[in-house]
1. Restricting to the range A:61-90, and then to whatever is charged (D, E, K, R) and surrounded by 15 or more Cβ atoms within 10 Å (Cβ to Cβ), can you tell me which residue is farthest from the other protein chains (Cβ to nearest Cβ)?
2. Only one of (1) modelled with pLDDT of 95 or more; (2) closer than 22 Å to A:P39 by Cα is not met by B:S387, so which one is it?
3. Considering (1) without any contact (Cβ under 8 Å) to a residue 12 or more places away in the chain; (2) part of a helix (DSSP H, G or I); (3) touching a helix residue (DSSP H, G or I) at 6+ places or on another chain (Cβ under 9 Å), say which one A:T249 fails and leave the rest.
4. Among the residues that make up the range A:176-195, is at least one of them modelled with pLDDT of 90 or more, within 14 Å of another protein chain (Cβ to nearest Cβ) and not in a loop (DSSP other than H, G, I, E, B)?
5. Can you find a residue in the range A:202-210 that is over 27 Å from A:R118 (Cα atoms) and without any contact (Cβ under 8 Å) to a residue 24 or more places away in the chain?
6. Pick from the range B:351-370 the residues that are in contact (Cβ under 8 Å) with a residue 40 or more places away in the chain and of a type in the set (A, V, I, L, M, F, W, C): which of them is surrounded by the fewest Cβ atoms within 10 Å (Cβ to Cβ)?
7. Here are A:T43, A:T6: which of them is at pLDDT below 90, at the interface with chain B (Cβ under 9 Å from one of its Cβ atoms) and touching a helix residue (DSSP H, G or I) at 6+ places or on another chain (Cβ under 8 Å)?
8. Which one of the conditions (1) crowded, with 19+ Cβ neighbours inside 10 Å; (2) at pLDDT below 90; (3) within 14 Å of chain A (Cβ to nearest Cβ) does B:N28 fail to meet, given that it meets all the rest?
Amino acid sequence: MRVSDTMLFTNSLQDSRRSRAAVLDSQQKLSSGLRVTAPSEDTSAYIKAKRLDDALKTSEAYLENIARAQSNLQTSEGVLGEANNILSRVKELAVQMANGVHEANGRAAAALEVVELRGTLIQIGNTKIGEEYLFAGNLTDTVPFDSAGVYHGDSNQRMVEVGSGLKVATNISGDTVFNAAGGVDVFAMLSDLETQLNNNDPDAIAALLDDVDIAINQVISGRSDLGNYINTAQVAESVVNRLNEDLSTEKSRLIDTDIMDSSSKMALNSQALEASLAAISRVMNISLINRL
Amino acid sequence: MAGLFSILNQGHTGLNASRYQMNITSQNITNVNTPGYTRRVGVQSPIQPPPPGGGGVQVTDIHRYVNEFLDQRLLLGISYQSAAQAADSPLSQAEGALAAEDGVGLDPSSALAELFSAMARLESSPSDSALRRDVLSAASQLAERINAAADGIKNARDEADFFLRDMAVQATEHMQKIAALNRQIGANPYEAAPDLKDQRNQHLKALAELIDIRVEEDSLGMVTVIGSGGINLVQGEVTGTMEAVTSLSLGGYAEINFVDENGIAHPITHAIRGGAMGSLLNIRDTLMVDLGNDLDQHAFDLATAFNAVHSAGFGLDGVSGRDLFLQPAAVAGAAQAIAIDPSVAGNPDAVAAATDPLGVPGDNTNLHLLTALENQNVALGGTVTLSAAYGKIMAKIGVEKASNDSEILFRGDSLAQLESLREEVSGVSIDEEMISLVQYQRSYEAAAKVIETTNKMLDTLMNL
């Protein structure tokens, strides 16, 4: 083979250029931490990673939804706990006052307490988080219970997505707790109780005791529903978190730099570059010109 | 007597020949770095000794070391390599526009995911005006990203067109230089021909960078340059011009014509396959058109799918029938035209979260229907999801760019290989030339010695 001088120079140039490009490439991958930054670098990995990224974005929304749902549900559950206490106190009063030993003025005092408790209960029914009434069903901008205890919300439950195809309720409507179909209208019952207390009628008061129990059960079952929803939300949260981890790991596997791999490649490429530079300097020094 | 004088003459031709060879050798040495220079050597032949002639040596020709087959392949290699190089910039631009990485901005794919995510967030509090605004801004960002991607594709086409027009001018220059050099070589095939041929070779290479050509050399040393589609771009001294003419049917982009010496224009836009021009034409008229159509289809599908669900729902104000995106009239141009619908723009209450007007503000069931679009096959005639359809677009440009990247490497390597093969034949080796220098110095000294010796012999003869 004939070797011309231009060949010698261009080949050397090309070799060192290639080695340098390889060193730069592995250096970039190491410093950016990314193996793939554009579809052309690894089309299928890039597009899979994009899908995972989309799923991660949706997961973020799920996690926010779960947090909001939990806050709603826990507040609802908390205030229904209060309602439970109030109705227990009502039951205590009713049981006491159904007993003949009490005088009219004792019953009148009890009636005043019942009025006050009823007012607190209406306030509980009108609990707000931010701008939204918790117990108004979908009509979150409407005061659910007026002072007469009449319900103005609707009986819808709002569901939010907390996972792909997984929804959890974020509320229970006020009527299922305080005015259930086939159950007791709690506020009407309390008004009755007040009336009978003022009427000083122990028998009529005793007759209301069953309704008080039913009312307490309505609240308890509302709380237990809420408890179930909170559990569902918690389960959903751990599912989404685990999914997020899997998605991130998979995404990283697809497009992140393999540090060990890139470091060893970088070391290898640097050595190759040095070797080729050494070879070039050796070859460049050999010429007949130096000997003649 | 006559014999001795003829020896003197022979010595003289030896001196001449050695000097001539020295001349050629030094030409080789000084042009060691000249691009396209072809190593040459003087062809020596003996002058017949007496009788009949006076004897001695003469340089009868200058031989250029060329391998014409290799030179043809080199032109082809140059066309391939230049085609791959020319495609790089427009492809990078389109890739960046269609699939930008974080930091540069969201690409349409991420923007779509953001929209679904914003809608899912609104589910938990449909009356929250901040969350509603988030949905609107995600929607308008998605529209803007698609607009930007469409612009990116258009820019890539514009750039290709710009370069094409410039290249037509360059091609004309090279064709005319080649024709002019043909004329000079034809008129004077021996003396200056080696340098003129080297020059012409440089122009042929430059022309091959622009367009794929085939070259045939005739007996006078003149070349015929045959371009794509079998048109003779240069034939001997005759050539024409390459013209870029703005064409309405190409949407204002340039058509390429070859105007021959009689002023007749031959359209060659569709005949050009190779070189930078072939590659840019392919990008401008095929690949980018294809991507643009895909993007239009995506924008159209997306607007149609979202609008169908959104317009059936109710806003906070209880109003129904509003589109989320401005519904494109047709697929063509949808990507450039897509925007948030004026009836919802700047009006967060208009986001249709509810399916039941009586359920406002808490009803979020329409949001469920909207987020469900993420997993429904609503794109490409109901065959794939929106994000899968966009994934196909990203895959298309990704594969195209990746294959061009490897094409650049491969064509670059094979061109380097060819150049090195050519160098093996035509390149100058200083070592060789040094040896030649010594060789011709010796032969010069030896010829001088012949003259000196003959002179002494003449002296001897004179002193008899």
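The values are calculated or read from the model by the stated rules, or taken from the named source; none is laboratory data. Just so it is clear, the structure is predicted and the values come from calculations on it, not from any experiment. Glycine also receives a Cβ, built like all others from the backbone with ideal geometry; neighbour counts cover every protein chain displayed.
1. Once the filter is applied, the top-ranked residue is A:E82.
2. Unmet condition: (1).
3. Result: A:T249 passes all but (3).
4. no
5. Our first condition is that a residue be over 27 Å from A:R118 (Cα atoms); within the range A:202-210, this holds for none.
No - not one qualifying residue is present in the range A:202-210.
6. It comes out as B:L369.
7. Working: A:T43 fails: at pLDDT below 90.
Only one candidate passes the filter, namely A:T6.
8. Status for B:N28: all satisfied but (2).
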